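Worksheet for the structure shown next.
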């Protein structure tokens, strides 16, 4: 699958527990990613998932839901502070499904594409190939 990723776009590649933050230094025809951050779930004991969590969830499920909330907050904060103009979000289907409804209107307007695939642990070259 080929996404149109503008030069300078923020590309976030995530799964249920961590995210890698990139900037596309290439162009729409040739994606060249430069990684500038890596985040994982923070302060799980002090911060829970968004909304009500079903009783039968495991600790791992709660951690993943909490991370999705934290990731969406970081993306929303960046959009509201005008830190990026274009956003591409790549995540496993479950995480993507948890993050999407939590995105602020400003963040949604910057979202130029998303991909429901877990690429988080792949080498940089493989991520670039998957997005080109």
Next item on the list: Of the conditions (1) at pLDDT 85 or above; (2) in contact with a strand residue (DSSP E or B) (Cβ under 7 Å, 6 or more places away or on another chain), residue 40 clears all except one; give me its number.
Entry: (1)
Margin query: I'm checking my understanding of the structure. Among residues of the range 22-33 that are in a strand (DSSP E or B) and in contact with a helix residue (DSSP H, G or I) (Cβ under 9 Å, 6 or more places away or on another chain), which one is farthest from residue 60 (Cα to Cα)?
Written below: 24
Note to self: Pull out all pairs, ordered by first then second residue, where Cβ-Cβ is under 7 Å, the residues are six or more apart or on different chains, the first lies in the range 99-123 and is closer than 17 Å to residue 74 by Cα, and the second is loosely packed, with under 14 Cβ neighbours inside 10 Å.
What the structure shows: 104/80; 106/80; 110/85
Check: So which of 82, 109 is at negative phi and out of contact with any helix residue (DSSP H, G or I) (no Cβ under 7 Å at 6 or more places or on another chain)?
Finding: 109
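The values are calculated or read from the model by the stated rules, or taken from the named source; none is laboratory data. In this text the structure is predicted, and so the values were computed from the model without any measurement. In this analysis, Cβ positions are derived from the backbone assuming ideal geometry, glycine residues included, and neighbour counts consider all displayed protein chains.
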